[in-house]
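The values are calculated or read from the model by the stated rules, or taken from the named source; none is laboratory data. Since the model is a prediction, treat every value here as computed from it, not as a measurement. Note: ideal-geometry Cβ built from the backbone for every residue, glycine included; neighbour counts use all protein chains shown. Only protein heavy atoms, including side chains, enter the accessible area calculation; ligands, DNA and RNA are left aside. Shrake-Rupley method; radii C 1.70, N 1.55, O 1.52, S 1.80 Å.
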Amino acid sequence: MFQPWGLDEAGIEFGGDLKKLSLRAAVLNGTLIRWEGEANSFLPFPAQTGPWKGANQATAALTKPFDSPGHSTPDFSANATYILHPDGGGISLIYYHGNVATPTHCTDGTAIGKTNATTGEVCGVTGASTASPFGTVGNTDFDLSSATAFRNNFDRVGVYASYPIGKHFLPQGGLQYGRDTTPVDAGAFPTIPTLKHFDSKGAFAEGSWAFNDYVTAGVRYDWYKPKYAVSTFNTQWAITPYVSIPLQNGFQIIAEYQHRDFQLNATNHRQNDTFQARIIFIK
């Protein structure tokens, strides 16, 4: 549910630089998750995204729902970067501590994964299957209030490094470890004090080759296991070749192809293949 960057949060940041060392720390208003119809899944959003459908639809921007678990508890992040080489070499360490309200029931009171006795509609999405309809979307009205959600506290630690080899090749890599803490009986939160922990792990390796001032090409491999356990079959991986063409006049063209694999169970996988081309102008 959480990614360490890519979400624009509101907050206050302090930092300083000492020669080749850069230090930063921030207090942030946090993130929330909500149902995204196009992706058919819960996705993270910055808390200032504002209203979403459900009982809290009138929630103002720049805040979480007033009655959601942990709505007044800020997030905290810190990072340190040490420059190893002026042409892109460095090592970074990032830490993030936060919390996010996670739904357990739809607004009609039906628990996620269960079927409403009156309407016959499942709350959320049925389990993934190997045949059509491959998991069916049901009722996705969630208000993330204290009555229908619990607070998931999480910590993320990541380390990233890069160092140029010669004038053309730049290898990069990173590792991330996460731990989430949730109540054993999420539906009874916050009355159940017993907590449950589960870990997540991820890594990437990338290499890019600058042919000249106008063409750079590379390939990246990503690996992620949202819930890390030998018996849990949820590994995701992707391989992404790309090319960047800066025209040296403010325009830049970036094109990439990605093959992504989602493990559904011990024997079945879902695969996505996407191609993106972007044009950027910076003046």
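On full extension of the chain, what length is gained from Lys227 through Phe76, given 0.36 nm per residue of separation minus the C-alpha to C-alpha distance?
Gain on extension, Lys227 to Phe76, equals 52.1 nm.
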- line: Of the accessible area of the stretch 154-283, computed with a 1.4 Å probe and all protein chains kept, carbon and sulfur make up a percent value of 62 percent
query: So how much slack lies between Phe262 and Val215, counting 0.36 nm per residue of separation and subtracting their Cα-Cα distance, in nm?
result: 13.7 nm
field: Two-site label geometry, His197 and Leu18: point separation in nm, points 7 Å out along Cα→Cβ
entry: 3.0 nm
- prompt: FRET efficiency for Lys114 and Ala205, Cβ-Cβ distance as r, R0 = 41 Å, nearest 0.05?
  reply: 0.50
- request: Extending each Cα 7 Å along its Cβ direction at Lys283 and Ile91, get the distance between those two points in nm, one decimal.
  value: 4.3 nm
query: What translational D, rounded to a whole number of µm²/s, comes out for the stretch 158-281 from Stokes-Einstein when the hydrodynamic radius is the Kirkwood one over Cα pairs, at 25 °C and 0.890 mPa s?
result: 140 µm²/s
- prompt: Using the beta-carbon distance between Ile83 and Phe275 and R0 = 30 Å, what value does 1/(1 + (r/R0)^6) give for FRET efficiency, to the nearest 0.05?
  reply: 0.30
field: Å² per residue, accessible surface of the stretch 207-262 at 1.4 Å
entry: 57 Å²
message: So, R0 is 22 Å and r is the distance between the beta-carbons of Phe169 and Ile253; what FRET efficiency does that work out to, to 0.05?
response: 0.55
